[in-house]
Structure formats: C-alpha cells, structure tokens
Amino acid sequence: MRCIVIGSKELSCVILDELIRQNHTVPLVISRDDSSGMKVWHEMGHRSLKDTALQQGIDVLEGANVNDNDTLAAIREAKPDLILSCFWSDLFGSELLSIPPRGVFNFHTAYLPRNRGSRPIPWAMIKGDEFAGITLHKMLVGVDDGPMVAQRKIRIGVNDTGKSLYDKVMGLGSELVEEVVEVFGAGKEVLTPQDEIESTFQLRGEPHGG
C-alpha cells in the first residue's frame, strides 16, 4: 500500500511510524513543522513529522498549500493508494480528495459526530459531554462529516484538565492508528455513516476567544 501522510504534531509521527512498521510505502509527507504555531508543540516534546520523514529518506513538502497546483501535482506523482491526515488547518478541496483511489482519511480528536470542527477536546469539556475521543473518518468536502472507519472514546473525568484529556485522547490515538493501518493493509475498511441528528459543530478559533 502506498500512503501519503499530511499532518503535524506527535500523532502524525505515530502514523508514519506505524505505516513503516507494517511495511507500507510512504512516498511523500506534507508537514507544517516550520510554522510558528508549531514551536510550542515541539517544546512540549512532540516530534517533527518533517524530521521523522527525512530520517527515513522520505520526500517532504513543508508548509505547502495542499490545494495549490504544485502540491496537487506532487501528490499525483507520488501515486498514493490513500492519504492519512491529522492536525491540518486547511480544508481539503475536492480535487485533492479525488486523487487517491481509496480516499483521504482524517484522524479527528472527537467522538464523532459530536464536536466537528475546531478545538474538539476543550469543547467536549465545556459543553459537558460524557465522552471525548478520536475518530478516523473519510474526508468529504464538508467539515468532519464523512463516514467513519473506526473510533475510540474515553469518559471525561471530573478532575480532567484540557491537558490530561488531550494526553488520554492521544493514547487512544496511538491504539487507533495501529488498528486502522492493519485494516487498510488488509483492504477490509468498512465505512459507517455519521448520525446527523447527534452532530455538533464549532467554528475555528479558541473557545470563548481563548
């Protein structure tokens, strides 16, 4: 299987590690590790997807607009079977979504269909949700509304903070990555539509202005 990884933060490195561990080919990585907003994450111990890929001899596009013509051409040249994404700030256009024959899939840190959109972990706490989680879903032209491949959930504890809950969700994310790479490798992915009645959505930006 040929897979492109588009993402940032530690989870993107976990995805890359797992693809390599399961003997899949990663011809290209698209990273935003050089952006100013990533500095604080690196200071907190998150690895650089760019550096992790370069250590494996993988080509990297850094800070690219994923929808511009040069990036789309590079993705086509890499001939991916599918694309896995996490923690990317821009919406993916229909042209990009149509390139890999098996689709483009995103790890969203929410127990979908709740908390589509921005900052799903703090919003789950603010809104008093029972669970937080992480979901792998197929990307469509909407926001986090595509059919799901797999997800994990965790109950939000009365003593949880934003950081403690984030750390717990990332632990679930590592488990989910291993599971879904195996599923895709075996060609056994099953897509489950989201329940629109249960969906919630937050616009981009910090909750209550930070």
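The values are calculated or read from the model by the stated rules, or taken from the named source; none is laboratory data. Since the structure is predicted, the reported quantities are computational estimates derived from the model, not experimental observations. Glycine gets a Cβ as well: all are built from the backbone with ideal geometry, and neighbour counts include every protein chain shown. Heavy atoms of the whole protein, side chains included, go into the accessibility calculation; ligands, DNA and RNA do not. Shrake-Rupley method; radii C 1.70, N 1.55, O 1.52, S 1.80 Å.
Things to note:
- Extension reserve of the residue 154-residue 51 stretch, reckoned as 0.36 nm per residue once the Cα distance is removed: 34.0 nm
- For the chain, the 222 nm mean residue ellipticity estimated from helices alone, with every DSSP H stretch of n ≥ 4 adding -39500 (n - 2.57) and the total spread over all residues, rounds to -10000 deg cm²/dmol.
- Protein accessible area in the chain, 1.4 Å probe - carbon and sulfur %: 51
- Rounded, prolate or oblate (a/c below 1.5 giving rounded, otherwise prolate when a/b exceeds b/c) for region 1-67 by Cα gyration tensor: oblate
- Under the Karplus curve 6.51 cos²θ - 1.76 cosθ + 1.60, θ = phi - 60°, whole-Hz ³J(HN,Hα) for region 121-134, x wherever Gly or Pro sits: 5, x, 5, 4, 6, 4, 8, x, 5, 6, 10, 10, x, 8
- Multiplying the residue separation of residue 166 and residue 79 by 0.36 nm and removing their Cα-Cα distance gives an extension gain of 27.9 nm.
- Full-stretch length increase - residue 186, residue 102 - with 0.36 nm per residue and alpha-carbon distance subtracted: 29.0 nm
- Amide H contacts of residue 28 (H built 1.01 Å from N, under 5 Å, at least 5 apart or other chain): 5
- Cut-off 15 Å between beta-carbons: net charge of the residues surrounding residue 34, Lys and Arg +1, Asp and Glu -1: +1
- The relative contact order of region 33-137 comes to 19 percent, based on Cα pairs under 8 Å that sit 6 or more residues apart.
- Here's the picture: a label point sits 7 Å out from the Cα of residue 130 along the beta-carbon direction, and within region 139-159 the residues with their amide nitrogen under 18 Å of it are 151-159.
- Treating r as the C-beta distance of residue 22 and residue 69 and R0 as 25 Å, the FRET efficiency rounds to 0.20.
- Protein heavy-atom accessible surface, 1.4 Å probe, per residue over the chain: 48 Å².
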